[in-house]
Structure formats: C-alpha cells, structure tokens
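Q: This is the structure I want to talk about, given as structure tokens.
Every number here is computed from the coordinates shown, using simple stated rules; none is lab data. These figures come from a predicted structure and were not determined experimentally. Note that we place each Cβ from the backbone using ideal geometry, even for glycine, and neighbour counts take in every protein chain shown.
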Amino acid sequence: MTGSKPQPSWESAINRRRFVELGMLAAGTTFLAACGGSSSGGATGASGTIADEPGNLSVLEWAGYEYPAYGGKTATGVLQGYVDSYQAPKYTFLTSDDQALAKVRAGFKPDIVHPCVSYVQDWVDLDAIQPWDTALLKNFGDLNPSLVKGGQVDGKQYFIPADWGFSSPLYRSDKVEPDGEESWNLFYDKRYKGKISWWDSPVENFLIYGYTQGFDPYDFANWTDTQLTDATKFLIEKKKLVRNFWSSGTDFDADVANGNVWVGYAWGGSYTAAKAKGLEVVYSEPKEGRLSWNCGFVLAKETKNYHHAHAYVDDWIGAASAAWIIPNYAYGHSNTAVALGGVDPALVSAFHLDDPTALEEPKAHIERYVPDRRRFAKAWDEVKAA
C-alpha cells in the first residue's frame, strides 16, 4: 500500500475494525539465521544499557496502534510488559507515510516510526534511521522470513515487519461473472459500467495496469514517458466505467452494502464487512496476483532510547500481539508462532493463512520502493481531472 495504509483510529479500533489483512500465522517457520547475531551495523545509540537511557520513548504511530488502544490495558495486554517495566510511550500520530517523512524532515525527532515497507529506502536516503540490532529482539526469529528480507537495505535490518495485508478485487458473485479467469481486468469490464469503484491512489492504479498488460510495473525501467502516457490514456478511457474513486474504506463498504458498487479495489476487511451483511461476495485471486502491503518499525538514527526502542518493538512483534490483532483489528501480523484454531475457516481459506508462501511472488506482489512517486501522482491527477 503505497503512501498510506488503512488507518485504525481509536473509534475504528473499537467499532469497525474492518480493514482485514489476516496474517500468515500457521506457518510456524522461524528465521534462525537472522537472529544469530547483531545487525546493528554501527548503530549510533547502542552504547550503555536501558538503565542509562531517559526512557521517555517517542513513537510516530498510526492512531489505534498506541497503548492502551492496541492490546488493551490489562495484566496480559500486548504492550503491558513494556509499560509495566518502564512507562507508556509518548505517541504522535501520522496520517500517511509521506506526512511522516515530511514531519521528520521538518525537524521532528521521534525514537521510532511505523511506516510501510515501500518507504524504507526513503528513510534511509533521508539519513534519519539506523539498523536494528536483531539480537536484542527475542521474537525476531518468529517473524515471516520474506517480510524480514523485505526490510533489509544493503544487508542491514532497517525495518522490523509488523502488520500486513492483501489488496484485491472484491465482487458481488450474484451480480458479476468474470470473463474467464479472475483478473484485475474486471475493473475495466464495460458490462459493469457505473458499478465499479477504484481506490484513489496515485500509484496502485498504474501498478494494476502494468500487471494486466503483462509486465512487472515495479521494474521502473518499464515506465518510459511513452509507457506512462499510454497508461494514463488507458485509465482515462476506462474511467467512464467507474462510479467513484474511494478514499474511505467505510464509504466503500457502504456502497457495496447498498448495491451501488458490485466490483471494487478492496482490502480484506471489506470482504468480512460484506459477508457480515449477508452479501454474496468473492475476494478475488486475480491471475496476475494480488497486491499486498506490510508495515513495521524503523529506528531513529539520533535516538537516546536505543534499548527502550528495542524492548518496545519486541513486545509489538511478539506472539501475543499476533494473537490479539486478528480478533480485535483483523489485521495480519508478521509473527508466525500462533496457531489458527480460533480463526474462521472461511477466512483461512480466503486469505490462505495456512500457506507460508501466500505473500510471495507470483501469488502476491508486496509493495516495493517507488523511486519517483511524484511522476505517478502527476499522472493520476491527470486521470482524475479528465
């Protein structure tokens, strides 16, 4: 998910945790090699011990992921171990990855930030973060290996994966019949004119175009000026089939429930929301592959709370966090050391929670670094203005 992610607010955390991105929790795979030693790579705050640090941990975080909203204020709360041993962090809320980068660029100095993986290179380029010492994270060995690898830059672990999910076409199976194999081309099917909804995103719609055209859109050598112009013209032409571009998952869910939309770009929570309404829906597995996203933690280069940051994130990536996030927020989690016994079998099937390769190519295309987002944003503005 490039630029932003489904944002759990305090209200949505309690009442409408519907952006479901269920995790790969049955894999049971461990990544022992990664936790065999330090990967700090000359970290600037690694000296001393946790007792030597001020402990007023500052976290730039998505609303709803802060204590006590995340995990609950109980004796067994997910973040309670850190809070009981030290104190609750001070949270500042981010609204998008771009906003978080701009805030730090302007001089804000948190200890930890919770961005998505496609922005890790941006944080490294900003010279604002340092690698984690994975030897200080006792839960690191239980994390999904492919997500762990995605958080490395130049062989160093700059990003600790936490939450993840899919993005894919959702369609009403009582109203829509794909033409042959399921495909992202359903978004361009004239049979459903006025019943299609795209996500208002400056990058994803071009990625989808690329996959339907048979090339890897993350290979940015493909995106010559001519190719981007062709994609823009194509999307402008297909735009006439679209009812709306959605930016709120709640609004999209309402459109599906009210029959205004039969086909749309959706996060997993829209599938569960529609099923809860008794609708006949399919969370598609397009032949070109689903899109997927992964967010996690980066460590500020100038932090004075190096050991506190590791202790806090270690709580966040633990098995208790993975067990809590599914029923409460219905997101996925990078920790694989939790069984699926209590998860609805229909969700296990829809999201392949028992398949440890569900997030890997070619089944899914997890978000990657986009070196020139402004170029795509400008093209998307042209599509919307046409």
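Q: Can you compute 3J(HN,Hα) from phi for each residue in region 213-228, using the Karplus curve 6.51 cos²θ - 1.76 cosθ + 1.60 with θ = phi - 60°, rounded to whole Hz and x for Gly and Pro?
A: Along region 213-228, the couplings run 8, x, 10, 7, x, 7, 8, 6, 5, 5, 8, 5, 4, 5, 5, 5 Hz.
Q: Further question: Just the ratio, please: alpha-carbon radius of gyration of region 284-386 over 2.2 N^0.38 Å, N its number of residues.
A: With N residues counted in region 284-386, Rg over 2.2 N^0.38 Å equals 1.42.
Q: Could you tell me the distance between the Cα centroids of region 71-96 and region 108-183, to the nearest Å?
A: Spelled out, the Cα-based centre of one part sits 21 Å from the other.
Q: Add +1 for every Lys or Arg and -1 for every Asp or Glu among the other residues with Cβ under 12 Å from the Cβ of residue 305, and state the total.
A: -1
Q: So, one more: Over 26 Å between Cα atoms: which of 193/363; 73/103; 363/384; 103/233; 138/275; 103/378 fall into that group?
A: Violating the 26 Å limit, Cα to Cα: 193/363; 73/103; 363/384; 103/233; 138/275.
Q: Let me make sure I get this right: for region 158-278, a, b and c are the square roots of the gyration tensor eigenvalues over alpha carbons, sorted descending. Under 1.5 in a/c it's rounded, otherwise prolate if a/b > b/c, else oblate. Which is it? Walk me through the numbers before you get to the answer.
A: On the way: a/c = 1.93, a/b = 1.27, b/c = 1.53.
Here region 158-278 falls in the oblate category.
Q: Something else now. Seen from all sides and averaged, what is the projected area of the convex hull of the Cα atoms in region 61-187, in nm²?
A: 12.0 nm²
Q: Report the extension gain between residue 236 and residue 149 in nm, rounded to one decimal, defined as 0.36 nm multiplied by the number of residues separating them, less their alpha carbon distance. Don't jump to the answer; show the numbers that get you there.
A: Working: separation 87, 0.36 × 87 = 31.32 nm, distance 3.67 nm.
Net length gain for the segment: 27.6 nm.
Q: Counting GluC sites (Glu not before Pro) as exposed when in a DSSP loop with at most 13 other beta carbons within 10 Å, what is the longest stretch of the chain free of them? All intermediate terms of the calculation are to be shown ahead of the outcome.
A: Numbers: sites that count: 181, 280, 302.
The reported range is 1-180.
Q: Also: Using a/c under 1.5 as the rounded threshold, could you call region 205-262 rounded, prolate or oblate? The axes a ≥ b ≥ c are square roots of the C-alpha gyration tensor eigenvalues, and prolate needs a/b larger than b/c, oblate otherwise.
A: It is prolate, given that a/c is not under 1.5 and a/b is the larger ratio.
Q: Each residue of region 334-341 in order: what ³J(HN,Hα) in whole Hz does its phi give by Karplus 6.51 cos²θ - 1.76 cosθ + 1.60, θ = phi - 60°, with x for Gly and Pro?
A: In residue order, the calculated couplings are 6, 6, 9, 8, 10, 7, 9, x Hz.
Q: Got a sec to turn the phi values of region 165-173 into Karplus ³J(HN,Hα) couplings, 6.51 cos²θ - 1.76 cosθ + 1.60 with θ = phi - 60°, whole Hz, x for Gly and Pro?
A: x, 9, 10, 7, x, 10, 9, 6, 6
Q: Considering only DSSP beta bridges where both residues belong to the chain, give the percentage that are antiparallel (nearest 5).
A: 60 percent
Q: Which whole number of Å³ per residue matches the convex hull of the alpha-carbon atoms in the chain?
A: 132 Å³
Q: Just to be sure I follow: if Rg is taken over the C-alpha atoms of region 223-291 and Rh is the Kirkwood radius over the same atoms, what is Rg/Rh?
A: 1.06
Q: Obtain the nm distance between the two label points defined at residue 386 and residue 92 by a simple spin-label model: each point lies 7 Å from its Cα along the Cα-to-C-beta direction.
A: Calculated label separation equals 4.0 nm.
Q: For Cα pairs less than 8 Å apart in space and 6+ apart in sequence, what is the mean separation divided by the residue count of the chain, i.e. the relative contact order in percent? Spell out each step's value before the answer.
A: Numbers: 774 pairs, mean separation 128.6, N = 386.
Relative contact order comes out at 33 percent.
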